[in-house]
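Note sheet for the following structure.
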């Protein structure tokens, strides 16, 4: 008879795994990102990859999240038909308890990002429950668990198409990847699911991202199947688009392309694409009733030494407390700045509330004139931290509010990640403003530049409240300058091949 798996072993193992992946990249991702750093020729992209690597090592040493978006808990269980649980509770209930325990752990609290009602109130659950649980009954008498965390930036870029059987999947993938922008924080991975039904294809794509990175081995030995040949074609073609790290233009956009297939209807070709960002977070373990899982951190020797993420040339120091349109007009797309002084924060929920207040003619709780705002939802601080990991969120989601804020409030500078839409770029040009980017996937590194933080407004929004940070030498890149030039257009165009 197989030994019983206790509630405590399952809950503790999942909670420990969620904490583990918040702080540690898988070894294969570190090795392949380090190789991409060594080969990268674009100064901007090399700087971005360097920041991600430095941030990764700092997060591992400090046991703090590598990304401020600690994601939704995604749990894949293969339950042996002979496995026995010493519990009368549902697996969903046990998984939710593990998520709650992981996110509330005092030594390393994770950011609560889940809202309970997706349609109407969208109120935060404040413990990141429920888990996104997938269970499969298989042969055997043990339980295999794969735990992952996916942030909103990459999840929002998932795509699905019901293609005609004769449609070229490679052509669809390349066309789709070009439209994703940089909001999914490359360099990462692309997972494809082809076949089955629509929901099966999406699950295939997501599960494919849990497989080890093996593209370097595949390139060395050559393909041994049509699927492997297809993966190599996609890998080379996607990187040839020139998107590069953070969309800045460069040699490496993806470290691997994964493809999973399943039989499908003769009239159908369902295809799903799920990107994996630079916060590649997952780990697996097996429970057989002998106790909780033991998780081993990657060896510190995996991270390369002497990483330079200066992007070459001198960075321009900027006093945020003395911003004015004349100063902003001096900045050029692609230039590196070091921000100093008071920096406001605000993202989706705060922007929506501000927009409605403006429409109603109500006074705003914060004066935005000649100020800079950072699109961020930070992790709670621990110990003597001013703030927890505080990397940028995708700026594109704020596009719908930007023209109104620039016109009605006198806001001058925005800081986020990824590209802006054409209408937003035109509004930036018209108002003589600027949009800057920090590196997505370098949240712990960015937080080291934040000396203090306080909430100014909308405290009920939790991590989405408006804060005021005091920053010192916070590195950013000018993505859209006052003339409307965009690095996300210039960079990839230069490196496309």
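The values are calculated or read from the model by the stated rules, or taken from the named source; none is laboratory data. Every value quoted in this text rests on a predicted model; they were computed, and no experiment measured them. Glycine gets a Cβ as well: all are built from the backbone with ideal geometry, and neighbour counts include every protein chain shown.
Figures for the structure shown
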quantity	calculated
Options 192, 219, 241: the member that is in contact with a helix residue (DSSP H, G or I) (Cβ under 7 Å, 6 or more places away or on another chain) and without any contact (Cβ under 8 Å) to a residue 24 or more places away in the chain	219
Test: residue in segment 331-345 that is assigned by TED's automatic domain parsing to the domain that holds residue 423, over 24 Å from the mean Cα position of the chain (by Cα) and within 27 Å of residue 113 (Cβ to Cβ)	yes
Which numbered condition residue 354 misses (of (1) surrounded by fewer than 22 Cβ atoms within 10 Å (Cβ to Cβ); (2) assigned to a helix (DSSP H, G or I))	(1)
Within segment 201-229, considering residues that are touching a strand residue (DSSP E or B) at 6+ places or on another chain (Cβ under 6 Å) and over 21 Å from residue 30 (Cα atoms), the one surrounded by the most Cβ atoms within 10 Å (Cβ to Cβ)	201
Matching residues in segment 308-326 - criterion: being surrounded by fewer than 17 Cβ atoms within 10 Å (Cβ to Cβ) and part of a helix (DSSP H, G or I)	321, 322, 325, 326
Tally of residues being in contact with a helix residue (DSSP H, G or I) (Cβ under 6 Å, 6 or more places away or on another chain) and over 30 Å from residue 474 (Cβ atoms) across segment 294-310	1
Pick from segment 311-322, criterion in contact with a helix residue (DSSP H, G or I) (Cβ under 8 Å, 6 or more places away or on another chain) and modelled with pLDDT under 75, ranking: farthest from residue 371 (Cα to Cα)	312
Hey, residue 291 touching a residue at least 12 places away in the same chain (Cβ under 8 Å), at positive phi, in contact with a helix residue (DSSP H, G or I) (Cβ under 7 Å, 6 or more places away or on another chain) and buried (at least 24 other Cβ atoms within 10 Å of the Cβ) or not	no
Looking only at segment 389-398, and only at residues there that are in a helix (DSSP H, G or I) and in contact with a helix residue (DSSP H, G or I) (Cβ under 7 Å, 6 or more places away or on another chain), the one that is nearest to residue 469 (Cα to Cα)	398
Which listed residue, of 74, 92, is touching a strand residue (DSSP E or B) at 6+ places or on another chain (Cβ under 8 Å) and touching a residue at least 60 places away in the same chain (Cβ under 8 Å)	74
Some residue of segment 239-253 being within 19 Å of the chain's Cα centre (by Cα), more than 20 Å from residue 487 (Cα to Cα) and modelled with pLDDT of 95 or more	no
Exclusive hit being touching a residue at least 40 places away in the same chain (Cβ under 8 Å), over 26 Å from residue 45 (Cβ atoms), in contact with a strand residue (DSSP E or B) (Cβ under 6 Å, 6 or more places away or on another chain) and part of a loop (DSSP other than H, G, I, E, B), set 333, 386	386
From the options 443, 418, 438, 427, residue that is surrounded by 24 or more Cβ atoms within 10 Å (Cβ to Cβ), modelled with pLDDT of 95 or more and closer than 20 Å to residue 323 by Cβ	438
Residue satisfying condition, being in contact with a strand residue (DSSP E or B) (Cβ under 8 Å, 6 or more places away or on another chain), surrounded by 21 or more Cβ atoms within 10 Å (Cβ to Cβ), farther than 25 Å from residue 397 by Cα and not assigned by TED's automatic domain parsing to the domain that holds residue 395, within set 183, 140, 188, 193	193
